[in-house]
1. Is it the case, given these coordinates, that Ala250 is hydrophobic (A, V, I, L, M, F, W, C), outside any helix (DSSP H, G or I) and touching a strand residue (DSSP E or B) at 6+ places or on another chain (Cβ under 9 Å)?
2. Do we have any residue at all in the stretch 146-161 that's β-branched (Val, Ile, Thr) and touching a residue at least 40 places away in the same chain (Cβ under 8 Å)?
3. Collect the residues in the stretch 83-120 that are in a loop (DSSP other than H, G, I, E, B) and free of Cβ contacts under 8 Å to residues at least 24 places away in the same chain, keeping them in residue-number order.
4. Please find, among Glu224, Glu249, the residue that is surrounded by fewer than 20 Cβ atoms within 10 Å (Cβ to Cβ) and under 24 Å from Arg84 (Cβ atoms).
5. Does the stretch 230-243 include one or more residues that are modelled with pLDDT of 95 or more, part of a loop (DSSP other than H, G, I, E, B) and open to solvent by 20 Å² or more (accessible area, probe 1.4 Å)?
6. Would you check if Asp93 is farther than 16 Å from Val215 by Cβ, at pLDDT 95 or above and in contact with a helix residue (DSSP H, G or I) (Cβ under 9 Å, 6 or more places away or on another chain)?
Amino acid sequence: MSSLPAALSLALSLAMAAGAAPAQERSSQTPRPASSAQLDDVVVEGRQLETMVRNFVTEVSQPANNRGLARWNRPICVAAVNLRNDVGQYIVDRISDVARELEVEAGEPGCRPNVLIVAADDGAALASAIVEDRPRNFDLRHNGTDAGTRAFRNFRTGDQPVRWWQISMPIDSETGGRAVRLPGDIDPATGQPTAPRIRVFAASRLRTQIRDDMVRSVIIVDVERLAGANVVQLADYLALVALAQVDAEADTSAFPTILNLFEDPASAPAGLTDWDRSYLTALYEHDQFRINRNSQVRDVAEAIVEDRRAAAETAPE
């Protein structure tokens, strides 16, 4: 029998299901977030900017082992559990709004969640309870679908205020089907283990028809460790880690990002910074069909550099 509360167990059952559906509609009473922090005080030029951006993308991104950078190519459905109704609704709406800005569909109330936000008094204890309750959903044998053993250990035992576990999936862009075998895949005709068959339409050493899709995310918020962060800041932080594969152990102190929120909430950005928005935009526009992951990182970094330079040129003097 499950040791988790019934409501949480039900939410997990929905979030861990294979299907993915849209997310919640905006509440008419949802407060609007503060404007994103500006980079007026950050003056970097030429090679310095390129190096800084490349270091940021490399430091922050954490794709599944041996895979490329994943993003949501399907609708997202965000749910929040164990939060006051107005706070939970605001967070759901905010993440959904940021997703829509990236042209990711977010849908109706009552959808099946694939992004689950759970508040807890003890994040590590809840993470362990979730894993023990549904071990198959956190099985590290899945080829190219998660960030690996170290990230998994950090999810279960780390002391960070927010922790997350994400599953991505290699997808055949021609068919929309999985491009990797998972435990339990059985051919119904023979009863034997089976694997997806990929029909290659155009062989290339540089490009592939396989892309990486984010398919579900469980995010635990340890309410005892928020250190004074307000709900607007928290919602934007959660939006970034829900929509991108972020390394929970990344050192982001050198960069103007909401990921620095818990270092000092009082001096942290009010929400997503221009830097964060450039990263998300580049991530959701980059060429996912490059075979080499380093080339994907380079593609994202180059797009951020172009965006930051364009913003500097149009900024009022």
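The values are calculated or read from the model by the stated rules, or taken from the named source; none is laboratory data. These numbers were taken from a predicted model, which means no experiment stands behind them. We place every Cβ from the backbone using ideal geometry, glycine too, and count neighbours over all the protein chains shown. We work out accessible area using only protein heavy atoms, side chains counted, and drop any ligands, DNA or RNA first. Shrake-Rupley method; radii C 1.70, N 1.55, O 1.52, S 1.80 Å.
1. Working: hydrophobic (A, V, I, L, M, F, W, C): yes; outside any helix (DSSP H, G or I): yes; touching a strand residue (DSSP E or B) at 6+ places or on another chain (Cβ under 9 Å): yes.
Taking the combined requirement at face value, the residue satisfies it.
2. Just the residues of the stretch 146-161 that are β-branched (Val, Ile, Thr), to begin with: 149, 157.
Within this subset, residues satisfying the condition of being touching a residue at least 40 places away in the same chain (Cβ under 8 Å) are none.
Checked against the condition, which is being β-branched (Val, Ile, Thr) and touching a residue at least 40 places away in the same chain (Cβ under 8 Å), the stretch 146-161 yields no hits at all.
3. So in the stretch 83-120, the residues in a loop (DSSP other than H, G, I, E, B) come out as 83-84, 102-105, 107-114.
Answer for the stretch 83-120, where residues must be in a loop (DSSP other than H, G, I, E, B) and free of Cβ contacts under 8 Å to residues at least 24 places away in the same chain: Arg84, Gly110.
4. Working: Glu249 fails: under 24 Å from Arg84 (Cβ atoms).
So the residue among Glu224, Glu249 that is surrounded by fewer than 20 Cβ atoms within 10 Å (Cβ to Cβ) and under 24 Å from Arg84 (Cβ atoms) is Glu224.
5. First pass over the stretch 230-243, keeping only residues modelled with pLDDT of 95 or more: 230-243.
Narrowing the set further to residues that are part of a loop (DSSP other than H, G, I, E, B) leaves 230.
When the remaining residues are screened for being open to solvent by 20 Å² or more (accessible area, probe 1.4 Å), the result is 230.
Yes.
6. Numbers: farther than 16 Å from Val215 by Cβ: yes; at pLDDT 95 or above: yes; in contact with a helix residue (DSSP H, G or I) (Cβ under 9 Å, 6 or more places away or on another chain): yes.
Spelling it out, Asp93 is indeed farther than 16 Å from Val215 by Cβ, at pLDDT 95 or above and in contact with a helix residue (DSSP H, G or I) (Cβ under 9 Å, 6 or more places away or on another chain).
A quick yes/no check of all residues on (1) over 18 Å from the mean Cα position of the chain (by Cα); (2) at pLDDT below 90; (3) not charged (D, E, K, R):
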position: Asp276; (1), (2), (3): no, no, no
position: Tyr279; (1), (2), (3): no, no, yes
position: Ala282; (1), (2), (3): no, no, yes
position: Val297; (1), (2), (3): no, no, yes
position: Asp307; (1), (2), (3): yes, no, no
position: Ala311; (1), (2), (3): yes, yes, yes
position: Glu317; (1), (2), (3): yes, yes, no
